[in-house]
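K.L.:
Can you keep this structure in mind? I'll have questions shortly.
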Amino acid sequence: MSESRRCLVTGAAGFIGSHLSDLLLESGHVVTGVDNLATGRKRNLEHLAGHKRLTFVEADICNPEMMAAAMQGVDWVFHLAGLADIVPSIQQPLLYHRANVDGTAIVLEAARHAGVKRFLYAASSSCYGADPKTPTPESAPIQPAYPYALTKYLGEQMALHWCKVYRMPVVSLRLFNVYGPRSRTSGAYGAVF
């Protein structure tokens, strides 16, 4: 096993965050999972109840004090928290901006002040627009068509900006249609696959 790291996973009770938490724990790392449960579900982490290397913090990433406290001593950050889906983002663009842009800035600042060694941002392929070329190259034009796509792209740009300005090591992954056990099966886009 490689050296154990202290990891913080935002959106830890979500579909991807819960699986990432599993993997990090299986790899011997210590995990702090943060989720406000707006879209995440506690049952996604029930199988980890009582795990000695997992701490779950029910908190909103938009709370600077709570994020600063959760970030203390953390080596790696996996920022997966945010709001998804197109239609709700059209109906509530300010809510999406708060979660996906303001929340990302707060997580970035907490990570910077804590001196984290790695920061991973979960970006979205939605930045390419409604009908991108398939397969989509990373160099495809950026054409966010909805508030959700725009807020995720702005979050990505902020993460890369923190890397450039503050020399914080950042990786941004533009995820495409992730699915599997624990993925949502309700809502307008729940069972698209």
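K.L.:
Just the residues that are open to solvent by 20 Å² or more (accessible area, probe 1.4 Å) and in contact (Cβ under 8 Å) with a residue 24 or more places away in the chain, please, taken from region 106-144.
P.N.:
Ile106, Glu109, Arg112, His113, Ala114, Lys117, Arg118, Leu120, Ser125, Ser126, Thr136, Glu138
K.L.:
Here is a list of conditions, (1) under 11 Å from the mean Cα position of the chain (by Cα); (2) among the small types (Gly, Ala, Ser); (3) open to solvent by 10 Å² or more (accessible area, probe 1.4 Å), and Ala12 meets all of them except one; can you say which number that is?
P.N.:
Result: Ala12 fails condition (3) only.
K.L.:
Leu80 - would you say it is over 18 Å from the mean Cα position of the chain (by Cα), closer than 17 Å to Gly155 by Cβ and of a type in the set (A, V, I, L, M, F, W, C)?
P.N.:
When the stated conditions are applied, Leu80 does not pass them.
K.L.:
Moving on to the next point. Within region 14-29, track down each residue that is under 13 Å from Phe78 (Cα atoms) and among the aliphatic types (A, V, I, L, M).
P.N.:
Within region 14-29, Ile16, Leu20, Leu23, Leu24 meet the criteria.
K.L.:
For the structure I just gave you, tell me whether Tyr166 is more than 16 Å from the chain's Cα centre (by Cα) and crowded, with 22+ Cβ neighbours inside 10 Å.
P.N.:
no
K.L.:
Which residues, taken from region 66-88, are out of contact with any helix residue (DSSP H, G or I) (no Cβ under 8 Å at 6 or more places or on another chain) and acidic (Asp, Glu)?
P.N.:
Pass one, region 66-88, residues out of contact with any helix residue (DSSP H, G or I) (no Cβ under 8 Å at 6 or more places or on another chain): 66, 69, 75-76, 87.
Hit for region 66-88 is Asp75, nothing else.
K.L.:
Hey, any hits in region 57-72 for a residue that's touching a residue at least 60 places away in the same chain (Cβ under 8 Å), open to solvent by less than 30 Å² (accessible area, probe 1.4 Å) and over 21 Å from Phe176 (Cα atoms)?
P.N.:
yes
The values are calculated or read from the model by the stated rules, or taken from the named source; none is laboratory data. Source: prediction; values computed, not measured. Glycine also receives a Cβ, built like all others from the backbone with ideal geometry; neighbour counts cover every protein chain displayed. In case anyone asks, the SASA skips ligands and DNA or RNA and just uses the protein heavy atoms, side chains included. Shrake-Rupley method; radii C 1.70, N 1.55, O 1.52, S 1.80 Å.
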